[in-house]
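Below is one structure; the comments refer to it alone.
The values are calculated or read from the model by the stated rules, or taken from the named source; none is laboratory data. Just so you know, these numbers come straight off a predicted model, no measurement behind them. With ideal geometry, Cβ positions are generated from the backbone for all residues, glycine too; neighbour counts draw on all protein chains shown.
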Amino acid sequence: MFGTHGLMDSAYNLNSTGNVEMDKEVRLHADSIRNASLSSVADLFLAIFLWFFYLLSVSVLWTHSISAALAAIIVFPPFIVSWLGYLRHELWHNYIPIVPNRFFFNMVSNMLFSNPKIINFAHTTHHRHLHTEGDLEFFCKDYSKNSFKRKAQFLFELFFGNAAWEINFMARFIKSPQFSFWKQFMSVVIRIVMLLVVCYSVEFLYPGAGVPAIFVYVLSIWVGAVVTRQDQWIEHLGVLHPKDNLKNRILKTRSLPNTHWSNRIWNMINHNDSRSHYFHHAYPQINLRDVTEIPLPKEVPTTTIPQYLKILWNHWKTL
Ligand SMILES: [Zn+2]
């Protein structure tokens, strides 16, 4: 009964914030599927522990073999850093029960050396202005007017992931009413202090590994940022429909179901973030992440990793 598209269609009702409201019956059913589980709380603490354990282990490894440590930095951050990024997003939406979501959202953002204020500001625009230039998570300033900017943004993000997006977005954020120089300054101070605490802890536990911890941290964030951005691009890269209403724009969200071996590997690394991403945009107020009980509406585009590589190339040619 829950999986009928008729019910899904009747559930649409755009409210003033631009989200899509869900029928009460559907909401209750969805809640029983998702919110009964406490596994996301365990995931949060496990991911935080794993991140510190990884930083310590690879920093120690660095003191013995830099090449082995670099290999570990390529292998593990796509999973661990993207997990923290994924959980940060869940915290933004208040999806994780029991824990104070806002506190952990700020904490995980700082752990990723990311300004929580920036993503806090931009993610609202992503949901509200999805697939239009108002979506500040995906479209640079003057996107439609300036080919050079489009190309520069693409290449910068291709090589530096959402770290590049955040640096680029900072220039716009400075001009917004939400920007405060003092808060921005304190945000940088907090992140540097957190990094120094980690490095001193590593040095205390294994003398000589404290300085390598800085290199391990920076390189791991870089690798994780690139993988996370690719995951987001699978869902939204190049999708631009400014004239459509929100319901139709949401239907253009790409999902990556486990229909191909490469999708399975990608989804495993990225915690199934894009497996059924359409549902996250259709019902962002309810935790329907990685839902497999409900079939995707037939209009929703799905892709595979080989197809995505073609999307990537074709997108570049349009810039
Ligand atoms: Zn979201």
Quiz item: Could you count how many residues in the stretch 96-120 are more than 14 Å from the chain's Cα centre (by Cα) and on the phi < 0 side of the Ramachandran plot?
Solution: 13
Quiz prompt | Test: residue in the stretch 296-319 that is charged (D, E, K, R), part of a helix (DSSP H, G or I) and closer than 26 Å to Tyr95 by Cβ | solution = no
Practice problem: Any residue in the stretch 112-136 that's more than 28 Å from Phe185 (Cβ to Cβ): show its pairings with residues that are more than 11 Å from the ligand (Cβ to nearest atom) and of a type in the set (Asp, Glu) at Cβ separation under 9 Å, as long as the two are six or more apart or on different chains. | Solution: His127/Asp135; Arg128/Asp135; His129/Asp135; His131/Asp244; Thr132/Asp244; Glu133/Asp142
Exercise. Tally the residues that are part of a helix (DSSP H, G or I) and touching a Lys or Arg at 6+ places or on another chain (Cβ under 7 Å), restricting the search to the stretch 249-276.
Key: 1
Exercise. Restrict the check to the stretch 167-180 and report whether at least one residue is surrounded by 15 or more Cβ atoms within 10 Å (Cβ to Cβ) and more than 23 Å from Met107 (Cβ to Cβ).
Key: yes
Practice problem: For Arg249, state whether it is at pLDDT below 90, within 16 Å of the ligand (Cβ to nearest atom) and either more than 23 Å from the chain's Cα centre (by Cα) or surrounded by fewer than 22 Cβ atoms within 10 Å (Cβ to Cβ) (or both). | Solution: no
Quiz item: What residue, among those in the stretch 277-289 that are in a loop (DSSP other than H, G, I, E, B) and farther than 18 Å from Leu87 by Cβ, is modelled with the highest pLDDT?
Solution: Tyr283
Self-check item: Hits in the stretch 287-304 (condition: away from the ligand (no atom under 12 Å from the Cβ) and either buried (at least 17 other Cβ atoms within 10 Å of the Cβ) or free of Cβ contacts under 8 Å to residues at least 60 places away in the same chain (or both))
Solution: Asp290, Val291, Thr292, Ile294, Leu296, Glu299, Val300, Pro301, Thr302, Thr303, Thr304
Quiz item: Going by the structure shown, is Val202 touching a Leu at 6+ places or on another chain (Cβ under 6 Å), more than 28 Å from Trp316 (Cβ to Cβ) and part of a helix (DSSP H, G or I)?
Solution: yes
Practice problem: Test Lys243 against the stated conditions and say whether it is without any contact (Cβ under 8 Å) to a residue 24 or more places away in the chain and either of a type in the set (Phe, Trp, Tyr) or in a helix (DSSP H, G or I) (or both). | Solution: no
Practice problem: Answer yes or no: is there a residue in the stretch 126-142 that is in a loop (DSSP other than H, G, I, E, B), within 16 Å of the ligand (Cβ to nearest atom) and more than 24 Å from Thr253 (Cα to Cα). | Solution: no
Quiz item: Taking the stretch 106-125 as the region of interest, how many residues are within 12 Å of the ligand (Cβ to nearest atom) and surrounded by 20 or more Cβ atoms within 10 Å (Cβ to Cβ)?
Solution: 1
Quiz item: What number of residues within the stretch 252-281 are more than 17 Å from the chain's Cα centre (by Cα) and aliphatic (A, V, I, L, M)?
Solution: 1
Exercise. Report yes if Ser82 is touching a Gly at 6+ places or on another chain (Cβ under 6 Å), assigned to a helix (DSSP H, G or I), within 16 Å of the ligand (Cβ to nearest atom) and in contact (Cβ under 8 Å) with a residue 12 or more places away in the chain, otherwise no.
Key: yes
Practice problem: Check Ile96 against each of (1) crowded, with 19+ Cβ neighbours inside 10 Å; (2) within 16 Å of the ligand (Cβ to nearest atom); (3) assigned to a helix (DSSP H, G or I) and name the one condition it does not meet. | Solution: (3)
Quiz prompt | Identity of the residue in the stretch 56-93, among the hydroxyl-bearing types (Ser, Thr, Tyr) and over 16 Å from Asn270 (Cα atoms), that ends up surrounded by the fewest Cβ atoms within 10 Å (Cβ to Cβ) | solution = Ser67
Practice problem: Check Phe2 against each of (1) at pLDDT 95 or above; (2) of a type in the set (Phe, Trp, Tyr); (3) outside any helix (DSSP H, G or I) and name the one condition it does not meet. | Solution: (1)
